[in-house]
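Input: one structure, supplied below.
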Amino acid sequence: MDEEISDGSKTWVGSDISELCLGKGPWSFIVTPVNISKYHAVLYELPVTLDEPPKPHESVQPKLWDDEHVRMPFSEKNLFPITENGINVIKLRWNIIKDTFSKPITNGDELEAAIRSYNSNLPKLEALHRFLEEVSGEEEIDFFFTDVLPKIVKLALALPELVPAGIPLLRKNHCRSVSLSQAQIASLLANAFLCTFPWRKDVANTFPGVNFVRLFAAHGRPDRENSIMEKLKCIVHYFLVVAAAVPVGVVTFERKFIPKADMPRWDMLDSDLGSTKIHVDSSGTIEDNGLGFLQVDFANKNVGGGVLGYGCVQEEIRFVICPELLISRLFVEQLGDQEAVIVTGVERYSKYKGYGDSFEYDGNFIDETPHDEYGRRRTTVCIIDAIRFNKPRDQFRPSAMLRELNKAYVGFSSRQKCNLAPVATGNWGCGAFRGSAYLKALLQLMACCAAGRNLVYYSFGDEELRRDFHGIYQFLSEKGVTIKQLWRILCGFSPSGFSDTSLYLFIQQTYITQKKEPVIEKLVENKNGHCSSSQNKTVFKKQECEPSTSFQGRRNGDEIREEKIDFTKTNDMEIDDDIIDATPPEEIKFKKKQTKKAKMSEKEVLEKMPKTNIMELIDRIDGNTNNNHKEGHQEESFLSKLDSFKKTGKGRVVGKTECSTNDNTISNQDTFKIPKTKISQYFTSKPTKPS
């Protein structure tokens, strides 16, 4: 049952979380299985007992250096040129790494020199130096070099034993999964910290890369320096935890791809939007409050975005408080428009506060999320990237909305068809990507409905969005609006020219206009200004519409400026035929209304006539200005042509003169213009046509 905010302490509207969990708690939803197959590489031995880290899977033919697998640092083909005693020689890079870290390292300069010994193309690691020399105190610096760094090195050098088989690349346009133990991920991330993964020019533009070089060198933006330091604190804290007690769980990374031909036909889906339950909360966060749900990561097409650079918003924060997500950058290729990545089993290690430039590491986090039957924590992250809009108005075009709908559907859909966890999401792509939260909330609702999931939406403190989204959901639910009906209404919003703040009001009134229902004058609100199913009584008026302030208007201080909209224009909708096929006959058709001009009186016609000799005018029209005809013959020629136009309905061009009965105009570009009035009305009486 939908609930309303009754006092200031309640921050949510819609269905209660316990109702979405069917009274069974957040850990009762179905999970995807771990099955070894051609399309699912499991790099540890089954079954997982959780008593100790699972044993690594030994492969008869390990793939350590080819185009379909990660090129491992310890591969025999990983060579590096060095100079010894003035002689250029080529050595195994892994041997250089082991020799370098067999010696104690006591300061930042020695650490940078060690990394450069096997990775020469490096910028100055200024952020790393600042972290070790300025941010950390003397005791912390000493602790890092005597305790933390040796543990990171030990984890890194254990890679050949922990991951003896190759890690397949999750490439574009393929459905494929990789499952790794948390111990294996820790070793891979330790190598990323030491920057040991070989750089590949051929994949540099499509694989994000996992070496920490960019993070260590991120020192060119003073406004982001503090957030860089805080991200480093989260990562160092992760290594402290996993080195002290190696985690025993496993993590699955799944790349999902759905061809366009298999995508839903949004203009044909009859699913009732009200069948999807929603919970809208202006407080809380996805990772804190979406426990057990499918948690959306507002991703970059390169997974992780700027996590190893200057970025520090939703995705980057999630990746540093759950660093096991970082390893996806090693083998997940850049995402396409019909792709998503689902990560199941990641553990959270850090608390945080703030956002963006104000982000801060806030201490250790003890993750008490239970494990599923396959040894994974019941935390599932859905990585989907939104479009970045240079012109925000472009997001309302059918092609852009279709792309976002398909992207969300790929992330939300599942091979399992029952007992699916709700989607925990929020203002996806609405920050630097300039998306409209009002539109993205609706698109995600549609995708959830098509995928058979309920929706939990966190508006991140936006109480107005919480109220408005829940209000339009109630309208859609009460009216029984289907996905295809909402899709077609949305397709008409861009050509309507209305401002984006009027989207929800536009949807209401367009639906009412199409259904020929009485037009809403005002939606009654409760004392707090929120719509409710019990109080949302409708007052109807036969002709005029008073727009509701619930779903439109622009804030100006504490005032809402209403936007008066002529909803007779909402039928002038255009549907992009390249995106969605033409609407079937039984559905709503969007036609431009034809209006008839009132006929002019004889007096008005005479007053509007140009001051021109009528016979000279007719001669010009007939192209006979150089012929000396009698008046009767001139009239006969003109009227014969006019009669022909009436019979055929087509105009004829003589020189630069055009006559047309379709648009009721006559024009001569060189000499004169006539108002848009029927030619026959220029004559008070029609002369008798000669025999």
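Can you give me the % of accessible surface on segment 163-261 that is carbon or sulfur? Probe 1.4 Å, all protein chains present, nothing else counted.
54 percent
For segment 338-468, just the Cα atoms, rotate onto the principal axes and tell me the three extents in Å, largest first.
Principal-axis extents of segment 338-468 (Cα, largest first): 44, 41, 28 Å.
Scale the Cα Rg of segment 32-177 by the rule-of-thumb value 2.2 N^0.38 Å and send over the ratio, two decimals.
1.31
Which residues' amide hydrogens lie under 5 Å from the amide hydrogen of C430, considering only partners 5 or more residues apart or on another chain, with H built in the peptide plane?
Under 5 Å from the amide H of C430: G435.
Additional query: From the cross-link list K260/K440; K98/K151; K24/K256; K124/K351, which pairs have alpha carbons spaced over 23 Å apart?
Over 23 Å apart, Cα to Cα: K24/K256; K124/K351.
Over the Cα atoms of segment 235-319, Rg to Rh with Kirkwood Rh, two decimal places?
Rg divided by Rh gives 1.06.
Residues with amide H under 5 Å of V42's amide H, sequence separation 5 or more or different chain, H placed in the peptide plane at 1.01 Å from N; which?
Here S37, S179 satisfy the definition.
Lys and Arg at +1, Asp and Glu at -1: add these up for the other residues within a Cβ distance under 12 Å of D394 and post the number.
Here the count lands on +4.
Compute the FRET efficiency between L22 and D202 as 1/(1 + (r/R0)^6), taking r as their Cβ-Cβ distance and R0 = 51 Å, and round to the nearest 0.05.
With a Förster radius of 51 Å, E is 0.55.
Which entries of K201/K231; K10/K277; K38/K154 show an alpha-carbon separation above 21 angstrom in the structure shown?
In this structure, K201/K231; K38/K154 exceed 21 Å between Cα atoms.
At 1.4 Å probe size, with every protein chain present, just tell me what the per residue accessible area of segment 63-124 comes to in Å².
Here the per-residue accessible area is 59 Å².
Leaving out ligands and nucleic acids, note down the accessible area per residue over segment 457-509 with a 1.4 angstrom probe, in whole Å².
That works out to 22 Å² per residue.
Show me the trypsin sites (Lys or Arg not before Pro) within segment 223-302 that DSSP assigns to loop and that have at most 14 other Cβ atoms within 10 Å of their Cβ.
When the trypsin sites (Lys or Arg not before Pro) of segment 223-302 are filtered for loop state and at most 14 Cβ neighbours within 10 Å, R265 remain.
DSSP loop (so not H, G, I, E, B), at most 15 other Cβ within 10 Å: list which trypsin sites (Lys or Arg not before Pro) in segment 62-100 pass both filters.
K77
The values are calculated or read from the model by the stated rules, or taken from the named source; none is laboratory data. In this text the structure is predicted, and so the values were computed from the model without any measurement. Cβ sites come from the backbone with ideal geometry, for glycine too, and all protein chains shown count toward neighbours. Surface areas here come from the heavy atoms of the whole protein model, side chains and all, with no ligands, DNA or RNA. Shrake-Rupley method; radii C 1.70, N 1.55, O 1.52, S 1.80 Å.
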